[in-house]
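The values are calculated or read from the model by the stated rules, or taken from the named source; none is laboratory data. Predicted model, so just to flag it, every value in this text is computed and none were measured. Cβ atoms come from the backbone with ideal geometry, glycine included; neighbour counts cover every protein chain shown. Side chains are part of the model used for accessible areas, which takes the heavy atoms of the whole protein and leaves out ligands, DNA and RNA. Shrake-Rupley method; radii C 1.70, N 1.55, O 1.52, S 1.80 Å.
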Amino acid sequence: MIERNHLEADAMPPVKQPWIETPLLESTILSKIAGCRIFLKLENLQPSSSFKSRGIGNLMLKSIREQSESAADDRPLHFYSSSGGNAGLACVTAATSLGYASSVVVPTSTDEATIAKLLAAGASEVISHGDSWFFADQHLREVVIPAAEAKGEKGIYIHPFDHPYIWEGAGTMVEEIKKQMPEGEKPDGIVCSVGGGGLFSGIMHGLDRVGWADQVQVLPVETLGADSLAQSLQKKELVTLPGITSVATSLGAIRVAENAFRQAQRPAVTSVVLDDAEACAACWRFLDDERILVEPACGASVALAYDGRLKRVLKGFGPDSKVVIVVCGGSKISFDLLNTYRDRYQQRSEELARKYEQEN
């Protein structure tokens, strides 16, 4: 049994927490490459293989508590997600560990391996509908959940990233970082990837909670073609992308959450956008350097440790700078797929690396 944290009410019966405290490790090799002290927050070790276990797990715990406090509603809970990616897997993994049913609606483009992974993790069913997440999500909310409730279930909708409980759960990693930093030191910067903004919002929430608000720089990283946050900041209004063209599909939210857009306007935040080739190259270099396999959505953050990128975006950069990179993980990667990325992007990544060397 994992010890309960402050997010669970004292009045609530003991419930297994569907996420774990992950290690924070100082990387000797990445520190040498980056020219400063690099710490890796290993969220790839979460039960669902990504940071999503925290936020979605917290949303589910709060939903269970609220249901238990409603004496008039004793319907069985069933959790529903519309993501065929890391959020869907986090929902299923958490629901299974907590002893509840879960279902996922995925776009028709979702591959059979992903569907098999969701079913193996314990999903009651995986429904294919629509040619994008938008239509899968619409079908879930307007058809699937009402049909389940008509049969006597209490359907709980799990959004992939846009919910205060999700941000609250993701923010627990900042509390862990504060406890895990050596000799009580404070990081100078935290690097995280941004899709819809759940992780980024959670980090900002966590910084406020531990008293580090606007004292720690935050570098939210996106890839070209999935950069809804950066484009919104540039235009000073929320932007909806016409589509996602980046290979980092886990960052593929065409519109970032409003809270993330608002948080990104704080003075300690610097938005970063990288090429797909940079994110993918970081994946195979990270595998060689640390023996950790991650998908391009995570590689985008790791990429800042390579080729002098970090010194270009971190204010006050120096050899004593302490930077935490959130290794957010991800399930949409394999050795075969990584080799495919390498064949496609190696030449481009080497060109970009030479460009950074010349500019530095």
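With a simple spin-label model that places each label point 7 Å from the Cα along the Cα-to-Cβ direction, the separation between Thr245 and Glu149 comes to 4.0 nm. Taking 13 Å as the straight-line reach from the Cα of Lys186, the aspartates and glutamates in range (excluding those fewer than 8 positions away in the same chain) are Glu175, Glu176, Asp214, Asp320. Phi-derived couplings, Karplus 6.51 cos²θ - 1.76 cosθ + 1.60 at θ = phi - 60°, listed residue by residue for segment 351-359: 4, 5, 5, 5, 4, 5, 4, 5, 6 Hz, with x used for Gly and Pro.
Remark: the Cα gyration tensor places segment 149-250 in the oblate category, a/c being 1.5 or greater and a/b not exceeding b/c. The distance from the alpha carbon centre of segment 138-177 to that of segment 65-107 is 7 Å, rounded to a whole number.
Over the Cα atoms of segment 52-157, each weighted equally, I'd like the Debye log10 I(q)/I(0) at q = 0.13, 0.23 Å⁻¹, rounded to two decimals. At q = 0.13, 0.23 Å⁻¹ the computed log10 ratios are -0.43, -1.26.
Distances over 37 Å make up what percent of all Cα-Cα pairs in the chain?
On the way: 10330 of 64620 pairs.
Roughly 16 percent, rounded to a whole number.
What you get for the chain, charging only the Cβ of Lys and Arg (+1) and of Asp and Glu (-1), is a dipole of about 460 debye around the Cα centre. Helix 112-121 and the longest principal axis of the Cα set of the chain meet at an angle near 60°.
Projecting the Cα atoms of Phe51, Thr172, Ala353 onto the charge dipole of the chain (Cβ charges, centred on the Cα centre) puts Ala353 farthest toward the positive pole.
Of the accessible area of the chain, with the probe set at 1.4 angstrom, what percent is carbon plus sulfur? Accessible surface attributable to carbon and sulfur in the chain totals 49 percent.
Qualifying GluC sites (Glu not before Pro) in segment 208-279, where qualification requires a DSSP coil assignment and no more than 16 other C-beta atoms within 10 Å, comprise Glu237.
Among the trypsin sites (Lys or Arg not before Pro) in segment 222-325, those located in a DSSP loop and surrounded by at most 14 other Cβ atoms within 10 Å of their own Cβ are Lys236, Arg291, Lys315.
Mind checking the per residue accessible area of segment 26-110 for me, 1.4 Å probe, whole number of Å²?
Working: 2730 Å² over 85 residues.
Averaged over the residues of segment 26-110, the accessible area is 32 Å².
Report the local net charge at Ser128: Lys and Arg +1, Asp and Glu -1, summed over other residues whose C-beta lies under 12 Å from its C-beta. Please report the intermediate quantities before stating the final value.
Values: positive: none; negative: Asp111, Glu112, Glu125, Asp131.
That works out to -4.
Scanning residues 5 or more positions from Ser83 or on other chains, those with amide H under 5 Å from its amide H are Gly88, Val105, with H placed 1.01 Å from N in the peptide plane. Using R0 = 35 Å, the C-beta based FRET efficiency linking Asp111 and Glu185 works out to 0.20. In this rough spin-label picture, where each label sits 7 Å from Cα along the Cβ direction, the Glu359-Lys235 distance is 2.4 nm. Checking every one of the trypsin sites (Lys or Arg not before Pro) in segment 33-83 against DSSP loop status and a limit of 14 other Cβ atoms within 10 Å picks out no site at all. Expressed to the nearest 5 percent, the antiparallel share of DSSP beta bridges inside the chain is 10 percent.
Label separation (Leu337 vs Gln265): 3.6 nm, computed from points 7 Å beyond Cα along the C-beta direction. Computed with every protein chain present, the accessible area of Phe335 is close to 130 Å² [probe 1.4 Å].
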